[in-house]
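So the structure is just underneath, and the comments pick up after that.
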Amino acid sequence: MTESEVGDKDFGTLSEPLRRELLAYCYRMLGSVDEAEEVVQDVFLDAWRAYGGFEGRSSLRTWLYRIATRACFKALEKSRRRPLPADLSAPQTDLDAVLGERAREVPWLQPIPDFLFTAAPADPATVVLERQTMRLALVGALQQLPPRQRAVLILRDVLQWRSTEVARLLEMTTAAVNSALQRARAQMPLSQDDLTEPAEPHQRALLNRYVAAFETADVDQLVAVLTEDARWEMPPIATWFQGRDTILAFLAGQMRVVGPATLVPACANGQPAFAVYAGGRDGVRHPHALHVLTLTTEGVGRIVAFQGSGLFPLFGL
């Protein structure tokens, strides 16, 4: 085996265990699974090509994060921020208004399946933190920050890097890192999405009622499921609704049109999700939407119902 082949083997062995966490980092930065996977692929290719010159002045992990951060900054120069409907307008209150057309020109925030970022079983506290810091609302809020502040907040508050480590990675002074972190925290403290989820039996009961409501097209069953101030969003449709009564009135009309559905459980961003299959004229149920739910002790507080079948292959559906 040549020296080059030994180096290639060492790089693959040492770098592969870092792929999932780098994908999670790039996803938090970009808000898109597709873009994150593309960036990570390029990062590993660039790092493999440059591995012969890697002198070990930092750890391989730090070196890969440096390459990934630069790649994310470059990608963000070419793209707009990725919102959810609630980031763009006030909730719709007129139920007689016609829903807007699908805003396909908007680069919407994408959900990520749990199996892409969760690693082998680890310390329970680490698993909980990983899931909480991938929540859809949190990733969406991160997209509102300038790229460098976004990177500083993720590296310091999510990944728990020291300020001096972040400063070296981003080629900033420690004072500049601390200043950027302070500004980022002022705009979106991570605690804003620290929701207290219901205990497992209560959570299971909520989800069972949610499934039953859509599978029987019975909107009345949702009364005991949704919180009073719940949100219902439907990207790529920009229109969204807030408040249990408003949502129920909207869904009553929608369920009459769509009819009974079949819901298949999934997991996205560390949150419960369901692939919704609805009936067609041919009598066969087709991919209709992917619902990502935010649970609280009071009930389901937010549903982001990604319309269409576009995300189904990503989730293995």
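Checked against the criterion of being touching a strand residue (DSSP E or B) at 6+ places or on another chain (Cβ under 9 Å), under 18 Å from PHE306 (Cβ atoms) and touching a residue at least 60 places away in the same chain (Cβ under 8 Å), the candidates LEU95, LEU88, LEU116 yield just one match: LEU88. Selection within region 193-210: residues that are over 18 Å from ASN269 (Cβ atoms) and at pLDDT 90 or above. The member of this set that is surrounded by the most Cβ atoms within 10 Å (Cβ to Cβ) is ARG209. Once region 85-113 is narrowed to residues that are among the polar types (S, T, N, Q) and surrounded by 13 or more Cβ atoms within 10 Å (Cβ to Cβ), the residue that is modelled with the lowest pLDDT is GLN92. Restricted to region 148-189, and to residues there that are among the β-branched types (Val, Ile, Thr) and not in a loop (DSSP other than H, G, I, E, B), the residue that is surrounded by the fewest Cβ atoms within 10 Å (Cβ to Cβ) is THR164. Which of the residues that make up region 47-56 are under 30 Å from PRO146 (Cα atoms) and touching a residue at least 24 places away in the same chain (Cβ under 8 Å)? Across region 47-56, the qualifying residues are ALA47, TRP48.
Taken together, LEU116, LEU190, LEU181 contain a single residue that is touching a helix residue (DSSP H, G or I) at 6+ places or on another chain (Cβ under 7 Å) and modelled with pLDDT of 95 or more, which is LEU181.
Within region 249-306, the residues that satisfy the criterion of being in contact (Cβ under 8 Å) with a residue 40 or more places away in the chain, surrounded by 18 or more Cβ atoms within 10 Å (Cβ to Cβ) and not hydrophobic (A, V, I, L, M, F, W, C) are ASN269, GLY270, GLN271, PRO272, THR294, GLY299, GLY301, ARG302. Taking the conditions (1) more than 20 Å from GLN307 (Cβ to Cβ); (2) modelled with pLDDT under 95 in turn, GLU37 satisfies each one other than (2).
Of the residues that make up region 196-211, is at least one in a strand (DSSP E or B), in contact (Cβ under 8 Å) with a residue 12 or more places away in the chain and under 13 Å from LEU293 (Cα atoms)? Within region 196-211, none of the residues are in a strand (DSSP E or B), in contact (Cβ under 8 Å) with a residue 12 or more places away in the chain and under 13 Å from LEU293 (Cα atoms).
A single entry from ARG28, ARG49 fulfils the requirement of being part of a helix (DSSP H, G or I), buried (at least 17 other Cβ atoms within 10 Å of the Cβ) and of a type in the set (Lys, Arg): ARG28.
The values are calculated or read from the model by the stated rules, or taken from the named source; none is laboratory data. Keep in mind that what you see is a predicted model, and the values were worked out from it rather than measured. Cβ: placed from backbone, ideal geometry, glycine included. Neighbour counts: every protein chain shown.
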